[in-house]
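The values are calculated or read from the model by the stated rules, or taken from the named source; none is laboratory data. Bear in mind the structure is a predicted one, so any value in this text is a computation, not a measurement. Positions of Cβ are generated from backbone atoms using ideal geometry, with glycine treated the same way; all protein chains shown enter the neighbour counts. These accessible areas exclude ligands, DNA and RNA; they are computed on the full protein's heavy atoms, side chains included. Shrake-Rupley method; radii C 1.70, N 1.55, O 1.52, S 1.80 Å.
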Amino acid sequence: MPLPAAQFHDLRDRCILVTGGGAGIGAALVEGFVRQGAHVAFVDIDEAASRELADRLSVEAGYRPLFIHADLRDIEALRTAAETAAATLGAIHVLVNNAARDDRQPLESVTEESWDESQAVNLRHLFFMSQAIAPHMRRAGGGSIVNFSSIAFLLNMAEIPAYATAKAGIIGLTKSLAGKLGPDNIRVNAILPGMIVTERQKKLWLDETAIAAMLEKQCLKRSLTAEDLVGPCLYLASNSSMGMTAQTMIIDGGAL
Ligand SMILES: NC(=O)c1ccc[n+]([C@@H]2O[C@H](COP(=O)([O-])OP(=O)(O)OC[C@H]3O[C@@H](n4cnc5c(N)ncnc54)[C@H](O)[C@@H]3O)[C@@H](O)[C@H]2O)c1
């Protein structure tokens, strides 16, 4: 990954927690924060990919981020992971709620169980992780929470009713948390990525036709990759955006 052009000096030695940091956009974010000189922990369910990332960064960047294995659908495991991160790194100043799973599911095949499962993997943990980390941010004198939503819920995408609902819910959650935590100097913003060509997306959904159709809609005629999310997330995490909370930032190459 090329180094991000900008250096956010206030992020040096900051304590950062990223969920879903083992692969895709999350892995690029972990790397981006490490390269800012921050102290980074990340939570993921994928043991192999996460260990590989931590190993690679310890060689390439000279710093080994702390990988915490947990399933974020399990709220007790999530709380333990939050406490482990804070006990090991120190008071967490930045939380990036990034983990999700964009399973396709046609209307007819949605069950009560699959609906709840989608909310658990795409929405519920963002609230409970924010709840668990907020006391540590107060201890740090403030902080920044960045929630990953998606433009998918604005596109009338037929095959993702539960995922789209969760991603829309994240906007409401972002605004409510911003209202509650603002007096404690904790900012809460959301990023809405467009089509980001990651390994999982290529393997599961993005064939050449789908990519061409999205490029047709985008103003920028190139596919966005995970690295395109790093700069915006670093900006929201850093003091450079210190007057900004309860906002949404769309990174989609101008597709909407
Ligand atoms: N890739 C895109 O085109 C795109 C578009 C819009 C929004 N987004 C959003 O960006 C974020 C990152 O997406 P991505 O494409 O990098 O996804 P990804 O699937 O490549 O990575 C997600 C990571 O989260 C982890 N994870 C999933 N479920 C977990 C669980 N229960 N507990 C712990 N970890 C878990 C996975 O193991 C993986 O490492 C998500 O919030 C996604 O909704 C992505």
Taking 37 °C and 0.692 mPa s as the conditions, I'd like the Stokes-Einstein D for region 98-192 in µm²/s, using the Kirkwood hydrodynamic radius from alpha carbon pairs.
235
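Which trypsin sites (Lys or Arg not before Pro) in region 4-49 pass both tests, a DSSP loop state and at most 14 other beta-carbon atoms within 10 Å?
In loop regions of region 4-49 (DSSP not H, G, I, E or B), the sparsely surrounded trypsin sites (Lys or Arg not before Pro) are Arg12.
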Taking a probe of 1.4 Å and leaving out DNA, RNA and ligands, the chain shows per residue an accessible area in Å² of 45
Cα-based equivalent ellipsoid of region 24-156: semi-axis lengths in Å, sorted from largest, via gyration tensor
27, 18, 14
Spin-label point model (7 Å from Cα, Cβ direction): what's the Arg79 to Thr248 distance in nm?
3.1
Here Rg/Rh (Cα, Kirkwood) for region 125-256 equals 1.01
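Among all helices in the chain defined by DSSP H, which have a length of 18 Å or more along the axis from Cα atoms plus a Kyte-Doolittle mean of at least 0.0?
75-89, 125-140, 161-181
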Using alpha carbon coordinates only, what is the Rg to Rh ratio of the chain, with Rh defined as the Kirkwood radius?
0.94
Consider all pairwise Cα distances in region 167-229 and report the whole-number % of them above 19 Å.
50
Give Lys175/Lys202; Lys167/Lys217; Lys167/Lys202 a once-over and call out the pairs whose C-alpha atoms are over 26 Å from each other.
Lys175/Lys202
Sorted on mean Cβ neighbours within 10 Å (highest first), peptides 109-120, 195-206 come out as 195-206, 109-120
The chain: calculated mean residue ellipticity at 222 nm from DSSP helix runs of at least 4, using -39500 (n - 2.57)
-13000 deg cm²/dmol
Need the full-extension length gain, Trp115 to Thr225, defined as separation in residues times 0.36 nm minus the C-alpha distance. One decimal, nm.
36.7 nm
Region 1-64: radius of gyration over Cα atoms, expressed as a fraction of 2.2 N^0.38 Å
1.03
Compute the distance in nm between two label points, each set 7 Å from the Cα along the Cα-to-Cβ direction, one at Leu256 and one at Lys202.
2.7
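What number does region 203-256 give for Rg over Rh if you use C-alpha atoms and the Kirkwood radius?
Using Cα coordinates only, the ratio equals 1.08.
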With the alpha-carbon atoms as the only input, what is the per residue convex hull volume for region 58-122 in Å³?
119
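What FRET efficiency comes out for the pair Ser176/Val59, r = Cβ-Cβ distance, R0 = 35 Å, nearest 0.05?
On the way: r = 42 Å, r/R0 = 1.19.
Efficiency at R0 = 35 Å is approximately 0.25.
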Those chymotrypsin sites (Phe, Trp or Tyr not before Pro) in region 1-81 that DSSP places in a loop and that have at most 16 other beta carbons within 10 Å:
Tyr63
Sort 166-173, 212-219 for me by packing, meaning the mean count of neighbouring Cβ atoms within 10 Å per residue, highest on top.
166-173, 212-219
Of all the accessible heavy-atom surface of the chain, with the other protein chains kept in place and a 1.4 Å probe, what percent is carbon and sulfur?
55
